[in-house]
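Since the structure comes first, as structure tokens, the remarks are kept for the end.
The values are calculated or read from the model by the stated rules, or taken from the named source; none is laboratory data. None of these values were measured; they are calculated from a predicted model. So basically every Cβ, Gly included, is an ideal-geometry build from the backbone, and we count neighbours across all protein chains shown.
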Amino acid sequence: MKSSASSHVSTTNPCRMCRPMGACLAFRGIANSMVLLHGSQGCSTYMRRYISSHFNEPVDIASSSLSEKSAVYGGAANLKQGIRNVVARYSPSVLGVVTTCLTETIGDDVRQIIAALLVEEPSLREVLIVPVSAPSYSGSHMDGFHDSCVAILERLASRPIPNNGAINIFPGFISPADIRHLGRILADFQTPAIILPDFSQTLDGGISDVYRRIPVGGTSLEQIGQMAGAAFSIEFNVTSPERQSSSALLESLADVSGERLPLPIGLRNCDFFFQALSDMTLTPVPARYKEERARLLDAMVDAHKYLFGKKVAVYGDADMVLALTGFMVDVGLVPVVCASSGDGAEFTRRISEATAGLETRPAVLTETDFDRIGSGATEAGAELLVGSSKGNHIARRLDIPLLRLGFPIHDRIGAQRLLHIGYQGTINLLDRLTNTIIAQQQDEYGNGYSYM
Amino acid sequence: MSETKQEIAELCRLRDEIVESYPEKVGRNRKRHLLVKGCDAQPAIDANSRTLPGIITTRGCAFAGCKGVVLGPIKDIVNLVHGPVGCSYYSWLTRRNFARPSDSGKNFLQYCATTDMQESDIVFGGEKKLMQALREVKETLDPEAIAISATCPVGLIGDDIASVARDAEAELGIKVFAANCEGYKGVSQSVGHHIACNTLMENVVGTEAPDKTTDFDLNIFGEYNIGGDLWNIRPLLERIGYNVISTYTGDASIHDIARAPAAKLTLLMCHRSINYATQMFWDKYRLPWLKVNYIGFEQTAQSLREIAAFFGDDGLAARTEQVIATEMERIQPELEHYRRRLTGKRIILFVGGSRAHHFQHLCEELGMEIIMAGYEFAHRDDYEGRQVLDEIKDSGLSKVVKDLQFELEAGFKPRLSEAEVSAKQAELEHLMKYEGMIGDMSQGAFIVDDLNHYETGIAIRRLKPDVFCSGIKDKYVVEKMGVPSRQLHSYDYSGPYTGFEGAITFARDIDMAVSTPTIRFMTPPWRQADQDNESVNGKEAAHA
């Protein structure tokens, strides 16, 4: 299926953000960390604003605030001053120094500038400064996310250390509620686990009587160091190339064997995850999760009669869309558009695998925009949209409901508390999906209320 | 509400404490941006100077000011962002500037169009891609015009977007214009406002004539229709009998902006972002401007009276009084209710480049006390009044973008002679005059430029406001510290706040903030938090 828009060089209503955004999100999951974006101050302001409105949390991101002069002569002086100031005022343990399209275009050698600064000011060696190259003119926010995780591991976990029996989990970009749920699952398997990144508290904090400019929470440096001694790694990322895989990196540098699994959304993906955990920890699946699985199955049986045959357009980050697609097929929904923010042949291949049993294959879109998603949804007669708030105008135009999921959700509250993963997260998701469709039917037929 | 000398001295000491808590160099810099009225002999403030790298500022960039603020709300054009994908994405529907379709039936505010530059465009140049993107926009969306806004890499790789715009205009048969608003220019979004005003002046303004003119033709400038603000004001003006030629740029049509020189008077709301345009309109068309304020019922009434006085028409004056009386009667009962509830509440306003001033009057009309106010990206004239303009002219940093110089356009017949305007200026307090925010503030008020999160924390702990009004980047900090907040950029999905009805909506929202039961549950029954005895270097600073 080819829409007229697909031959366009321009992008109308993009479905992806730039690399530095993903880097900001990943560093937020490191304990006592800050990010400094090396570029114009607009980058940090825009991203702070965006992350804040999704998570309803304060988000401080520093900037080297480049000017005309530094854009021409290089940003070394600004970068050095920026690092000094942010360290002086925030005392972070980790500082991600992330480039932008501006500083990539002028070609600032960030590693060299940092090295020079550390010579000038040896006290800054107490802070782990991690440079991440994030040219905004290639790839998407998810590239920035994965690259940042890899960059941190390269600095802290690049050599084998004695086995500590822990499990590493690289969850990818999921919600704070998801990360908390993962923590509980691992605790129930009674195995020490290290999750990277862990922004379950830093992007979903409470109110207490002391306000901390760097919120409590996140994976500590010691924990990240210990990842090199883990028994094994699980990474919810099957779509990125190997150089962006945290588990592959640990396997090659620190001999920690790893498995890349699909995000545990949907019954089958959850089965993979729980089976893997059980195999690796030599622990039977705890009773709680057997019950949750049974409840999910029960819910699927209850729900399928409202869902079967309904056409859905789903968009978002590759691994999320892939997991959702598989789940939808399992409950009888028909994905008609599967659109990913990133590029990748792997995404396309796996979507076609997941939808192999369908009579009509979905349109698979990569590095996409809402123009293409909209035409795909229109042509296929989609009855439901699933994805971020940015699909809102398509939903309105097609007069179909939008189930908000992914990032950003800036026109509803509670995005940080949406639980999608595990059997329980899948139950929540299934209920939301089903009720969205039922509500739409009730509105359309005007019957409103009746017993089901 | 005037503070005693002793209280002023205490505030002075607090200011010095903040300054001293910084590393010396940063402290010296920040001292010039912090002012306690009544404490310093000369109430001068440093503004529109560079934010120090690594200090967490709430400021944006030139692109944000140009595309995001000024060009963004023009509804019947497509704003095509030339650059990598992020900037267009982040500026897509992030401001709540509303619009209804223009006469042509077009409204493109929900669209985000970008050339989505890739690495090869950075290496080999993006002009061809830009040209092709312009064709695609014309073909698929068919706008009345296309504005190109540049992001950071464009200026560096040297794409000549103005010449692409000229070629595209010739080929596509619609107006195409380009703004070189690369993010690294200037010190904040403020320079982007200037670039946008210049771009509109050079490419759009004066290129069309209105179908009809009346004796009472107005422009409504510097009003962005956030949450529908314009839609509270425009109907009032039309009820009184004015004909609105153009808005600029809330709910604006590009054609109306082209016709704007035909008006007799321009009303200026946001001085910071649009004073460039009003100055150029005066130079080129001898079209005078009146500084108005629609925030606050007394302010609105005063502005309406001053507009009527400008036109000097008895019918207008009578209808103005009629409208004011009707509206005041309508809001009176609710007004009394909220005044009772809000009198004595202490408020901090940190917002924008003009808004922190606009909202002060309304707060005072409701009986509240402004204990601290400041701007994100204002210049000294917004604090101290336009009389300092000569002083700050060519002060280096602030002059990244030149003021365009215009002579009176040959053949253009101004609606009023210069002598007539001068005569009116003698009578009207706000005709082509703006006195700035500081003059209106009480002794002992704290004035702070480019406030950062560190200082926000101190302000909250030491000044103990009842409500803190700012934007989304401060909002959650403030709330985490147990103080209610209201956003004065997006209004937290509320508004409009302009005019008579808007004043009540604002009062209701502030009442909601200060009366919400939620904040009361901060301390659990099993522990009484000790929130007193904190100093600048107290609990919070210990984590810094």
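Under the condition of being within 7 Å of chain B (Cβ to nearest Cβ) and of a type in the set (A, V, I, L, M, F, W, C), which residue from the range A:57-78 is farthest from the chain's Cα centre (by Cα)?
Going through the qualifying residues, I end up with A:71.
Taking the range B:109-156 only, how many residues are surrounded by fewer than 16 Cβ atoms within 10 Å (Cβ to Cβ), at the interface with another protein chain (Cβ under 7 Å from one of its Cβ atoms) and at pLDDT 95 or above?
2
So is residue B:397 part of a helix (DSSP H, G or I) and either in contact with a helix residue (DSSP H, G or I) (Cβ under 9 Å, 6 or more places away or on another chain) or modelled with pLDDT under 95 (or both) or not?
Criteria not met by residue B:397.
If you go through the range B:297-338, how many residues are of a type in the set (D, E, K, R), closer than 24 Å to residue B:427 by Cβ and surrounded by fewer than 17 Cβ atoms within 10 Å (Cβ to Cβ)?
Result for the range B:297-338: 5.
Of all residues in the range A:290-301, count the ones that are free of Cβ contacts under 8 Å to residues at least 24 places away in the same chain and under 19 Å from residue A:452 (Cβ atoms). Before you say what the answer is, go through the steps one by one.
Filtering the range A:290-301 for residues free of Cβ contacts under 8 Å to residues at least 24 places away in the same chain gives A:290-291, A:294, A:298, A:301.
With the extra rule that they be under 19 Å from residue A:452 (Cβ atoms), the set shrinks to A:298, A:301.
The number of residues fulfilling the criteria is 2.
State whether one or more residues within the range B:99-114 are within 21 Å of residue B:272 (Cβ to Cβ), part of a loop (DSSP other than H, G, I, E, B) and in contact (Cβ under 8 Å) with a residue 60 or more places away in the chain.
Pass one, the range B:99-114, residues within 21 Å of residue B:272 (Cβ to Cβ): none.
Within the range B:99-114, none of the residues are within 21 Å of residue B:272 (Cβ to Cβ), part of a loop (DSSP other than H, G, I, E, B) and in contact (Cβ under 8 Å) with a residue 60 or more places away in the chain.
Which one is farthest from residue A:57 (Cα to Cα), of the residues in the range B:457-483 that are touching a strand residue (DSSP E or B) at 6+ places or on another chain (Cβ under 6 Å), modelled with pLDDT under 95 and part of a loop (DSSP other than H, G, I, E, B)?
Once the filter is applied, the top-ranked residue is B:483.
Quick one: residue B:103 ticks every box in (1) more than 11 Å from every other protein chain (Cβ to nearest Cβ); (2) surrounded by 21 or more Cβ atoms within 10 Å (Cβ to Cβ); (3) acidic (Asp, Glu) except a single one, so which number is it?
If we test residue B:103 against (1) more than 11 Å from every other protein chain (Cβ to nearest Cβ); (2) surrounded by 21 or more Cβ atoms within 10 Å (Cβ to Cβ); (3) acidic (Asp, Glu), just (2) comes out false.
Suppose the filter is farther than 26 Å from residue B:277 by Cβ and among the small types (Gly, Ala, Ser); does residue B:133 pass it?
When the stated conditions are applied, residue B:133 passes them.
Take the range A:237-259 and flag every residue that is β-branched (Val, Ile, Thr) and either within 17 Å of the chain's Cα centre (by Cα) or assigned to a helix (DSSP H, G or I) (or both).
Matches in the range A:237-259: A:238, A:239.
Condition check: β-branched (Val, Ile, Thr) and under 24 Å from residue B:502 (Cβ atoms). Does residue B:392 satisfy that?
Spelling it out, it is not the case that residue B:392 is β-branched (Val, Ile, Thr) and under 24 Å from residue B:502 (Cβ atoms).
Would you call residue B:337 within 17 Å of residue B:438 (Cβ to Cβ) and either part of a helix (DSSP H, G or I) or not assigned by TED's automatic domain parsing to the domain that holds residue B:52 (or both)? Let's see the steps before the verdict.
Working: within 17 Å of residue B:438 (Cβ to Cβ): no; either part of a helix (DSSP H, G or I) or not assigned by TED's automatic domain parsing to the domain that holds residue B:52 (or both): yes.
Criteria not met by residue B:337.
Got at least one residue in the range A:184-193 being out of contact with any Phe, Trp or Tyr (no Cβ under 7 Å at 6 or more places or on another chain), free of Cβ contacts under 8 Å to residues at least 24 places away in the same chain and either surrounded by fewer than 24 Cβ atoms within 10 Å (Cβ to Cβ) or assigned by TED's automatic domain parsing to the domain that holds residue A:248 (or both)?
Within the range A:184-193, one or more residues are out of contact with any Phe, Trp or Tyr (no Cβ under 7 Å at 6 or more places or on another chain), free of Cβ contacts under 8 Å to residues at least 24 places away in the same chain and either surrounded by fewer than 24 Cβ atoms within 10 Å (Cβ to Cβ) or assigned by TED's automatic domain parsing to the domain that holds residue A:248 (or both).
So, in the range A:407-433, of the ones that are touching a residue at least 24 places away in the same chain (Cβ under 8 Å) and of a type in the set (S, T, N, Q), which residue ends up surrounded by the most Cβ atoms within 10 Å (Cβ to Cβ)?
Out of the qualifying residues, it is A:426.
Just name the residue that is farthest from residue B:437 (Cα to Cα) out of those in the range B:31-85 that are part of a helix (DSSP H, G or I) and within 11 Å of chain A (Cβ to nearest Cβ).
The extreme case among them is B:85.
What's the number of the condition residue B:454 fails, among (1) assigned to a loop (DSSP other than H, G, I, E, B); (2) among the hydroxyl-bearing types (Ser, Thr, Tyr); (3) under 27 Å from residue A:48 (Cα atoms)?
Unmet condition: (1).
Tell me, which residue of the range A:322-339 that is touching a residue at least 40 places away in the same chain (Cβ under 8 Å) and under 13 Å from residue A:263 (Cβ atoms) is surrounded by the most Cβ atoms within 10 Å (Cβ to Cβ)?
A:324
Within the range A:334-452, considering only helices (runs of 4 or more DSSP H) that don't extend past its boundaries, which have at least 2 residues that are of a type in the set (Gly, Ala, Ser) and farther than 25 Å from residue B:86 by Cα?
Per the criteria, A:345-354, A:422-445.
Which one is farthest from residue A:114 (Cα to Cα), of the residues in the range A:56-79 that are assigned to a helix (DSSP H, G or I) and in contact with a Ser or Thr (Cβ under 9 Å, 6 or more places away or on another chain)?
Let us first name the residues in the range A:56-79 that are assigned to a helix (DSSP H, G or I), namely A:68-73, A:76-79.
Filter once more, keeping what is in contact with a Ser or Thr (Cβ under 9 Å, 6 or more places away or on another chain): A:70-71, A:76-79.
Values: A:70: 16, A:71: 18, A:76: 9, A:77: 11, A:78: 12, A:79: 8 Å.
Among residues in the range A:56-79 that are assigned to a helix (DSSP H, G or I) and in contact with a Ser or Thr (Cβ under 9 Å, 6 or more places away or on another chain), the one farthest from residue A:114 (Cα to Cα) is A:71.
Would you confirm, using the coordinates I've provided, whether residue B:421 is within 23 Å of the chain's Cα centre (by Cα), crowded, with 16+ Cβ neighbours inside 10 Å and over 23 Å from residue B:296 (Cα atoms)?
Answer is no for this residue.
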